[in-house]
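Report on the structure given below.
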Amino acid sequence: MKNINRLIASFLIYLLIGACGKEDRLMYKEAPSISFRRDVVMPDSINYTFVVKPDSLLTDTIYLNIRISGVASDKDRKFNLMTGENSTAIKGKHFDIGETVIKAGVYAIKFPVYLHRTPDMKDKIFSIYFRMGSSDDFKAGFDNSLTYQVKVTDKLLKPADWSDFFYGSYSLAKHQFMVSRLGTTAITMGTGAQFSQIMSILQKMRVELIKYENVNGPLIDENGNRVTFPTI
């Protein structure tokens, strides 16, 4: 009877080991996934404007953060970056993209998107809706990390990470005033300012607004509201 019990136990252990081995082989063969790497400042979008760039700058480069989940490979692998139907920007005219490849041994990349300055950007905002799809080398990752939006224009855009706490409510007139006094669109972390600079920018804008009002009176925005900056 003991021998029979030992035989049954051994058989069950064999089945368990075989099942685990099969599961491991399936997991090993499963394609790694790919997605956009979220940024704390701008989780799913980039707003870009040529407005304060030199007139001679006709193409600029932005980067999308892309990462893979799973093991790295000893060979280059292709991924599938699609452009959504709702995009208004035209590939080859308003933008182009880099080679959709993850190099061997790499887990994350900064993927280049080349933005082209065109005359129609003077009065229009063009959108690119990127979506990560599956390919022979990668499956699409989590649904909440598969899309990325880029807006490009040659006029001012509200920064995606504009903070009412630091600068007060947004208006185009306020934004234009800030850019004209600073000589740059880098007024938030997402547009290139360091966190340590934001308080300095706020203080400078308060001083500049006082100077403006002493000469011209209150600055009224496009909504009929007086432009102000908060005291922090």
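Derivation of every value follows stated rules applied to the coordinates shown; laboratory data play no part. Note that the structure is predicted; figures quoted are calculated from it, not measured. Using ideal geometry, Cβ is built from the backbone for each residue, glycine included, and neighbour counts are taken over all protein chains shown.
With the cut-off at under 15 Å, measuring from each backbone N in region 130-169 to a point 7 Å along the Cα-to-Cβ line of Ala31 picks out 132-142. In this simple spin-label approximation, Lys53 and Phe142 carry label points 7 Å from Cα along the Cα→Cβ vector, and these lie 3.3 nm apart. For Lys122, the aspartates and glutamates whose Cα falls under 17 Å of its own Cα, not counting residues fewer than eight places away in the same chain, are Asp55, Asp60, Asp154.
Could you list, bin by bin from short to long, the percent of Cα-Cα pairs of region 120-232 in 5 Å steps? For region 120-232, the pair-distance distribution reads 2, 10, 17, 20, 15, 12, 9, 6, 4, 3, 2, 1, 0. Restricting the calculation to Cα atoms, region 164-216 yields a radius of gyration followed by a Dmax of 10.9, 33 Å. Per-residue packing, averaged as other Cβ atoms within 10 Å, sorts the ranges 144-150, 200-206 into the order 144-150, 200-206, beginning with the highest. Whole-percent P(r), region 57-153, all Cα pairs, 5 Å bins from 0: 3, 12, 23, 23, 16, 11, 7, 4, 1, 0.
The simple Förster model, with R0 at 25 Å and r as the Cβ-Cβ distance, assigns Tyr212 and Ser169 a FRET efficiency of 0.90.
Taking 31 Å as the limit for the C-alpha separation, the pairs Lys110/Lys158; Lys103/Lys151; Lys103/Lys124; Lys53/Lys204; Lys93/Lys158; Lys110/Lys211 exceed it in the case of Lys103/Lys124; Lys110/Lys211.
Summarising the amide proton neighbourhood of Leu64: residues at separation of 5 or more, or on other chains, whose placed amide H is nearer than 5 Å comprise Phe111, Val113. Our note on the geometry: Cα centres of region 110-135 and region 145-212, 21 Å apart.
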